[in-house]
Amino acid sequence: MHKHKIVNLFESRKGQMDELLHRDFINNGIATFPCRISSYHDIINPLSAKQYETPNPDFTDYLESGAAVLPPDCPIVLDIIEDCLTEEERKIIEATIHEYYAYKLGLVEKEEKRHKKRFLIMTVGLIIAGFLLWFSQGLDEVPRELFFVLFWFMGDTLCDYLLLTGHDLRRDRRAAGQLASIKVNFSKSFDESDYTREEVDKLHSEIEQDIKKTLK
């Protein structure tokens with residue numbers, strides 16, 4: 001009886017994600033991720049060659065696991081806490097992070113385009129299958145059954161895209177765009193940022209300008 005009761009309690013427990021996010025990360029609509037490092041290679045993969053730098057997988061896992069629970073309208077500021085980097089290394093780190101997530105965004109865009117092309121093909125196929133069904137009313141049952149199967153397959157694929165896949169792709173695109181627009185700061189110590197309205201507006205303006213550059 002006691003075990004049954006504790007199981008019911010576990011099932012009834014409510015999450016506190018929004019409260020925890022605002023306590024730990026989000027301030028005035030800006031998410032700040034502190035990242036304390038002791039060397040350049042905590043962020044840059046030590047296996048990568050100069051001018052072909054890639055991020056350390058541990059670093060990207062840390063950043064992406066935090067970003068995965070953020071609201072889609074929340075800009076991200078990465079605060080790298082360090083006293084070990086040269087100015088050149090800071091520039092390389094910032095460029096590598098932006099380029100890496102720009103590539104990830106490009107992969108999402110490719111997948112989205114592939115599904116949109118498939119959607120258009122299936123739409124045309126559904127229309128054709130509908131005409132075939134309409135004009136084949138006098139045919140035997142077997143040929144019409146093939147047209148029914150074709151019509152059902154096209155319709156099922158369209159519904160999957162409209163109700164499931166399309167939603168997931170838009171969500172992935174927003175998440176990738178959010179990380180591709182990340183702002184990188186370097187500091188000697190971490191002080192919890194209390195963003196003013198002016199700082200929030202400035203950050204939004206910088207992100208807007210960066211995004212507009214990619215649309216040209």
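What follows is calculated from the coordinates using simple rules that are stated; it is not laboratory data. Predicted model only: the values in this text are computed from it and were never measured. FYI the Cβ positions are ideal-geometry reconstructions off the backbone, even for glycines, and counts take in every protein chain you see.
Worth pointing out:
- 3J(HN,Hα) from dihedral phi, the stretch 54-64, Karplus parametrisation 6.51/-1.76/1.60, rounded to Hz, x for glycine, proline: 10, x, 5, x, 4, 5, 5, 4, 4, 5, 6
- Relative contact order (percent, whole number), the stretch 26-215, Cα cutoff 8 Å, 6+ residue spacing: 34
- Cα centroid separation, the stretch 21-68 to the stretch 79-112: 9 Å.
- Here's the list of lysines a cross-link from K188 could span, going by alpha-carbon distance under 20 Å and ignoring same-chain residues fewer than 8 apart: K91.
- Those trypsin sites (Lys or Arg not before Pro) in the stretch 175-213 that DSSP places in a loop and that have at most 15 other beta carbons within 10 Å: K188
- Assigned charges on the beta-carbon of Lys, Arg, Asp, Glu; the chain dipole about Cα centre (debye): 740
- Tensor-based shape of the stretch 92-216 (alpha-carbon gyration tensor, a/c under 1.5 rounded, otherwise prolate or oblate): prolate
- Across K14/K212; K50/K213; K14/K117; K113/K183; K117/K213; K14/K213, pairs whose alpha-carbon gap is larger than 32 Å: K14/K212; K14/K117; K14/K213
- About the centre of its Cα atoms, the stretch 1-81 shows a dipole size close to 440 debye [charges on the beta carbon of Lys, Arg (+1) and Asp, Glu (-1) only; nearest 20 debye].
- Counting only aspartates and glutamates at least 8 places from K3 when in the same chain, those with an alpha carbon closer than 14 Å to its own are E11.
- Per the Debye formula on identical point scatterers at the alpha carbon atoms of the stretch 1-99, with no solvent, log10 I(q)/I(0) at q = 0.10, 0.15, 0.16 Å⁻¹ is -0.42, -0.71, -0.77.
- Extreme residue, positive dipole direction of the stretch 57-140, given options I128, P71, Y103 (C-beta unit charges): I128
- Taking only the alpha carbons of the chain, we obtain Rg and Dmax values of 24.9, 81 Å in that order.
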